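K.L.:
One structure, as structure tokens, below. Some questions next.
Taken together, the values in this text are just the output of simple stated rules run on the coordinates, not laboratory data. Not measured: the values here are computed from a predicted model. Cβ sites come from the backbone with ideal geometry, for glycine too, and all protein chains shown count toward neighbours.
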Amino acid sequence: MKKILLSILLLTTFITLTACQSANKEITNNNDQKTVNQTSESTFSIGNTNQSDYTDIISQLRQTFNPNLSDEIDISVEDNAAYREFPEIKNVIEVSLDDELAVPINEAIAAIENGTATVDQKEKIMTIRRQLSDIAKKLPNDLIHVAFVYETEDDFDRVVAISNKNEDLLATTIP
């Protein structure tokens with residue numbers, strides 16, 4: 001239990017520190033980014049579902065993964081997502097990392113796949129998956145998914161975590 005709490009604290013600290021680094025950018029750029037995000041949130045639609053249902057989910061994702069509105073983390077709605085690992089999934093609310101933030105996540109995923117992951121690396125990925133899963137359970141239906149991704153060197157989105165209302169497509173525990 002202490003390791004889980006420590007992992008959550010480490011992840012939150014990591015995201016906060018990364019967000020603080022971007023605070024030195026010009027205020028006008030930050031305000032422009034906020035305007036773009038607000039506009040895109042208010043114009044999306046997925047099926048016949050009330051937009052406010054997804055606005056609440058986006059708000060929760062932002063509070064969890066991007067509380068300081070960092071430019072390094074983007075939250076968007078994808079009506080035609082293209083994931084190699086999940087080609088059947090199209091409607092996604094996506095949390096995506098820029099290249100700099102993706103490096104430690106990529107290293108952790110590679111270590112897990114190679115069987116050489118440290119406890120901290122496993123905890124980092126499990127924490128992201130659990131947090132995303134908890135938020136996805138609040139979706140109004142299982143037609144849309146919530147995903148945590150980063151772009152790979154070959155310009156594909158690598159899925160770290162993906163869930164819908166009823167299931168986690170990647171396990172929230174790692175042996």
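K.L.:
Restrict the search to region 92-175; then list the GluC sites (Glu not before Pro) that DSSP places in a loop and that have at most 14 other Cβ atoms within 10 Å of their Cβ.
P.N.:
GLU153, GLU167
K.L.:
Moving on to the next point. Amide H neighbours of VAL160 under 5 Å, counting only residues 5+ apart in sequence or on other chains, H built in-plane at 1.01 Å?
P.N.:
So VAL160 has HN proximity to PHE148, VAL149, TYR150.
K.L.:
While we're on this one: Please give, to one decimal in nm, the separation of the simple spin-label points placed at THR116 and ASP134, each 7 Å out from Cα toward the Cβ.
P.N.:
Using points 7 Å along Cα→Cβ, the separation is 3.3 nm.
K.L.:
Report the residues of region 84-117 in range of a label on GLU167: point 7 Å along Cα→C-beta, backbone N strictly under 19 Å from it.
P.N.:
Under cut-off, by backbone N: 84-93.
K.L.:
Follow-up question, since we're still on this one. Can you compute 3J(HN,Hα) from phi for each residue in region 110-123, using the Karplus curve 6.51 cos²θ - 1.76 cosθ + 1.60 with θ = phi - 60°, rounded to whole Hz and x for Gly and Pro?
P.N.:
In residue order, the calculated couplings are 4, 5, 5, 5, 8, x, 10, 5, 7, 4, 4, 5, 4, 4 Hz.
K.L.:
Sticking with this one: Each residue of region 126-142 in order: what ³J(HN,Hα) in whole Hz does its phi give by Karplus 6.51 cos²θ - 1.76 cosθ + 1.60, θ = phi - 60°, with x for Gly and Pro?
P.N.:
Values, residue by residue: 5, 5, 4, 5, 5, 4, 5, 4, 4, 5, 4, 5, 8, 5, x, 7, 9 Hz.
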